Amino acid sequence: MEGDVLRSGDDEYETARLIWNGMIDRRPSLIVRCTQRNDVVAAVRFVRSHNLRVAVRGGGHNVAGKALCDDGVVIDLGGMAGVKVNSGIPSACVQAGARLGDVDAATRPYGLAVPVGVVSRTGIAGLTLHGGMGWLLRRDGLTIDNLIGAEIVTAEGKIIAASADENPDLFWALRGGGGNFGIVTAFEYRLRPIASQVWFATVLYPFSEAERAIAFWRDFMAGAPVELSSFCVLRSRPMRSAEGKADRQPVVAFLACYSGPFERGEEVIRPFREWSKPLADLSGPMDFHLGVQRLFDKDYPPGRCYYWDSLFFKALDNGTITRIVGHSARSASPLSSVNIWALGGAMNGVHAADTAFGKRDCRFMVAVEANWEGMEHADANRAWVADFVNALRPMSRTGVYLNFPGAAGEQDQLVKGCYDQNFARLCKIKRRYDPENIWRGSFNIKP
């Protein structure tokens, strides 16, 4: 090992076991902090030889806390965060410990981007392995749709490559199948052109207009250009200062990024701004890498408590919208939100059988986000999410977005529902690459 190995009682152990979600409190026996791929190989062989429970940490940002385990071994890839850009292809080779902000910093000088998520502290590995949704998904697809290849350490401690030409079955499984098949130590992505400045809409309306606003947004996005990605955000409770003053009103907000020709952007986002009389309109040109990609960072600080779940929909009828708004209004924390993502475009242009991620027929995803301070409020916030999801589940597709996984029922049923017709093929690939189910800690597909 070139990296460090920490155990309980070591000086850095308590800090090293912390992850982004303050609700997660787990104490691994060992934390193996890898600095290069041979460290990963050594850690895997050690885990296998002693039949130990294992968790793999990339950015430590998965809301369910899958980066940690109690009593077992955490293989921490945070020391492997390099990004190398090949502007000729163009592509980027990204080590698995990198965060989205690392990728943006490396690609910005070239006017290029990897289609990734919306919070810069998110780890690239977990985001990618479960799909990857962000501001370019309608134009360029999911993160996995831009994956060219990967380097993996298998359960046997061997380093292999996966791409369309090399171990193509494994490459297929990695694109949505999570960490079930080995530890990915590096990813290669196709880069997409992006202007330094894009038009971004941030328009806030009163929460009392939420049903009408969502219906308008739904209909508008049905005919919107693929360069426009958007979600509609519901925040139903006022934010109050220490003095009791209402600092933020309950709102429904239109957020949208237009990544097409800059000169068209202002006109494209105009309908969001003129739908009704807004409480606030903060729309305008914004730096894509330094502005858009960091816009939500302040809303999701490390150490806060988070519990999220998600639902996919083929359509949003008016009855479903009414139910969404009604349950949103019952949130237990002023920090919580309901985010309705408009899918479509390039994401839906990929056949469901072409990647392990199969929800290609869905036009919307609803993310139910309980965000709060203080573990004493955990039960109330988790209950709000559970009640919301249970009420909307009959109207939605089976499964969840595993980057917003909740705890929707029994784990085997949850995982199977995420993959639809692709599940049987995933089980077959699992039997080939991990027959002993070493990688069972993260939304496990059993061999």
Just checking, how many residues over the range 119-145 are of a type in the set (Lys, Arg) and under 10 Å from the mean Cα position of the chain (by Cα)? 0
How many residues are buried (at least 19 other Cβ atoms within 10 Å of the Cβ) and under 30 Å from Glu376 (Cβ atoms) when one looks only at the range 24-45? 3
Residue set Leu136, Leu174; condition touching a strand residue (DSSP E or B) at 6+ places or on another chain (Cβ under 9 Å) and closer than 19 Å to Phe404 by Cβ; output residue Leu136
Subset of the range 253-273 [more than 19 Å from Pro115 (Cα to Cα) and surrounded by fewer than 18 Cβ atoms within 10 Å (Cβ to Cβ)]: Glu263, Arg264, Glu266, Glu267, Arg270, Pro271, Arg273
By my count, strands (runs of 3 or more DSSP E) wholly in the range 184-273 with at least 1 residues that are at pLDDT 95 or above and small (Gly, Ala, Ser) are 197-206, 228-235, 251-258
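Given the criterion outside the structural domain of Leu234 (by TED's automatic domain parsing) and more than 20 Å from the chain's Cα centre (by Cα), identify the matching residue among Ala150, Ala164, Ala186.
Residue meeting the stated conditions: Ala164.
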From the options Lys446, Lys416, residue that is part of a helix (DSSP H, G or I) and surrounded by fewer than 20 Cβ atoms within 10 Å (Cβ to Cβ): Lys416
Give the number of residues within the range 1-17 that are of a type outside the set (Asp, Glu), touching a strand residue (DSSP E or B) at 6+ places or on another chain (Cβ under 8 Å), surrounded by 11 or more Cβ atoms within 10 Å (Cβ to Cβ) and under 20 Å from Gly60 (Cα atoms). 6
Count, please, the residues in the range 292-320 that happen to be assigned to a loop (DSSP other than H, G, I, E, B), exposed (fewer than 14 other Cβ atoms within 10 Å of the Cβ) and not hydrophobic (A, V, I, L, M, F, W, C). 5
Considering only the range 407-439, state which residues are modelled with pLDDT under 90 and not acidic (Asp, Glu). Ala407, Ala408, Gly409, Gln411, Gln413, Leu414, Val415, Lys416, Gly417
Pick from Val389, Val400: which is in contact (Cβ under 8 Å) with a residue 40 or more places away in the chain, within 22 Å of Leu316 (Cβ to Cβ) and assigned to a helix (DSSP H, G or I)? Val389
Out of all the residues in the range 396-406, which are surrounded by fewer than 21 Cβ atoms within 10 Å (Cβ to Cβ) and either modelled with pLDDT under 95 or more than 28 Å from Arg175 (Cβ to Cβ) (or both)? Arg397, Thr398
Is it the case, given these coordinates, that Ser29 is touching a Ser or Thr at 6+ places or on another chain (Cβ under 9 Å) and farther than 18 Å from Gly441 by Cα? no
How many residues does the range 50-81 hold that are surrounded by fewer than 18 Cβ atoms within 10 Å (Cβ to Cβ) and in contact with a Phe, Trp or Tyr (Cβ under 6 Å, 6 or more places away or on another chain)? 0
Tell me the helices (runs of 4 or more DSSP H) entirely within the range 82-166 that contain at least 2 residues that are in contact (Cβ under 8 Å) with a residue 12 or more places away in the chain and surrounded by fewer than 24 Cβ atoms within 10 Å (Cβ to Cβ). 100-107
Search result, residues across the range 344-383 that are part of a loop (DSSP other than H, G, I, E, B), out of contact with any Leu (no Cβ under 7 Å at 6 or more places or on another chain) and of a type in the set (A, V, I, L, M, F, W, C): Val350, Ala352, Ala353
Note on Glu12: of the conditions (1) in contact with a Gly (Cβ under 7 Å, 6 or more places away or on another chain); (2) without any contact (Cβ under 8 Å) to a residue 12 or more places away in the chain, unmet is (1)
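On the given criteria, is Val366 free of Cβ contacts under 8 Å to residues at least 60 places away in the same chain, within 30 Å of Gly303 (Cβ to Cβ) and within 19 Å of the chain's Cα centre (by Cα)? Don't jump to the end; show me each part of the working.
On the way: free of Cβ contacts under 8 Å to residues at least 60 places away in the same chain: yes; within 30 Å of Gly303 (Cβ to Cβ): yes; within 19 Å of the chain's Cα centre (by Cα): yes.
Yes: the conditions hold for Val366.
The values are calculated or read from the model by the stated rules, or taken from the named source; none is laboratory data. Quantities reported herein were computed from a predicted structural model and do not represent experimental measurements. Methodologically, a virtual Cβ is constructed for each residue, glycine included, from the backbone with ideal geometry; neighbour enumeration extends over all protein chains shown.
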